[in-house]
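This report refers to the structure that appears directly beneath it.
The values are calculated or read from the model by the stated rules, or taken from the named source; none is laboratory data. Owing to the predicted nature of the structure, the values given are computational and were not obtained by experimental measurement. Reconstructed Cβ throughout: ideal geometry from the backbone, glycine too, with neighbour counts over all protein chains shown. Areas reflect the complete protein model, heavy atoms only, side chains present, ligands, DNA and RNA absent. Shrake-Rupley method; radii C 1.70, N 1.55, O 1.52, S 1.80 Å.
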Amino acid sequence: MALFLDSSDPKETREIFSWGVVSGVTTNPLIISREAPDADLKERILEVVAVSTGHVSVELTTETEREMLDEALGYWDWDRSRICVKVPFTETGLKVLKQLAEKSVPTNVTCMMSFNQAYLAALAGATYVSIFSGRVKDMGYDVRPIVRETRAILDREGLPSKIIVGSVRHMMDVNEALIDGAHIVTVPPPILRKMLWNPRTDTTIAEFNDAWKNRKKK
Ligand code: E4P
């Protein structure tokens, strides 16, 4: 099991990688539009690559097979050892995925809300299959059986795709995804920071440090 960082911010990425708990990065067009609307995409992604380790996912924004394939190969060329192409799950996306898999391009199939979508992406050769926890819950469905059943079928059929649970809104989304069998959870910086914190930990550390400072030497 592993945690990835769901962000395109190089400063946050550098800081959070220094904790030693994350081993990859996911971005998407919405995250980048919010964090840095004027940024040059290639420059920003390569800045993130420079301060992280593991795969950095970059999502396709074109919609025809030819355009998506060209866009994907362009991103991969930025750094073949680190870039993972995020392919939106559509019928065209599957065709593109198959061709990228044949060229051994790492892929993260994204925006998936169901077991059947994740299974199809795994069959077509996805490196990662991304299930969107928060968005499934927004529709009023339970994401937990989707993650559990996807993990069970990948294991049973020996499919090498790894499950990423994304669209994380609360700490409990992270805990549940890991318990349910996600290989990876991609977590936004504010949720990772909340995972650090417990009021009883803070008061306990303060109690110990105060005792040390105020000890009466014999
Ligand atoms: C994951 O890869 C996605 O980038 C992200 O988690 C989507 O989250 P959202 O539903 O909050 O937009």
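The table for this structure:
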| read-out | value |
| --- | --- |
| Single residue of the stretch 24-46 satisfying the filter (out of contact with any strand residue (DSSP E or B) (no Cβ under 8 Å at 6 or more places or on another chain) and among the small types (Gly, Ala, Ser)) that is nearest to Ser81 (Cα to Cα) | Ala39 |
| Residue among Ala121, Ala101, Ala126 that alone is of a type in the set (A, V, I, L, M, F, W, C) and part of a loop (DSSP other than H, G, I, E, B) | Ala126 |
| Selection within the stretch 1-56 - surrounded by 20 or more Cβ atoms within 10 Å (Cβ to Cβ) and of a type in the set (Phe, Trp, Tyr) | Phe4 |
| Residue within the stretch 150-164 that is within 11 Å of the ligand (Cβ to nearest atom) and surrounded by 18 or more Cβ atoms within 10 Å (Cβ to Cβ) present | yes |
| Residue count for the stretch 165-188, restricted to those that are more than 9 Å from the ligand (Cβ to nearest atom), buried (at least 17 other Cβ atoms within 10 Å of the Cβ) and assigned to a loop (DSSP other than H, G, I, E, B) | 3 |
| Every pair of residues 6+ apart whose Cβ atoms lie under 6 Å, when the first sits in the stretch 98-110 and is touching a residue at least 12 places away in the same chain (Cβ under 8 Å) and more than 16 Å from the ligand (Cβ to nearest atom) while the second is part of a loop (DSSP other than H, G, I, E, B) and of a type in the set (Gly, Ala, Ser) | Lys98/Ala124; Ala101/Gly125 |
| Selected residue (criterion: farthest from the ligand (Cβ to nearest atom)) from residues of the stretch 63-78 that are out of contact with any Leu (no Cβ under 7 Å at 6 or more places or on another chain) and open to solvent by 40 Å² or more (accessible area, probe 1.4 Å) | Arg66 |
| Strands (runs of 3 or more DSSP E) contained in the stretch 1-88 and holding at least 3 residues in contact (Cβ under 8 Å) with a residue 60 or more places away in the chain | 2-6, 22-26 |
| Number of positions in the stretch 135-147 that are assigned to a helix (DSSP H, G or I) and surrounded by fewer than 15 Cβ atoms within 10 Å (Cβ to Cβ) | 2 |
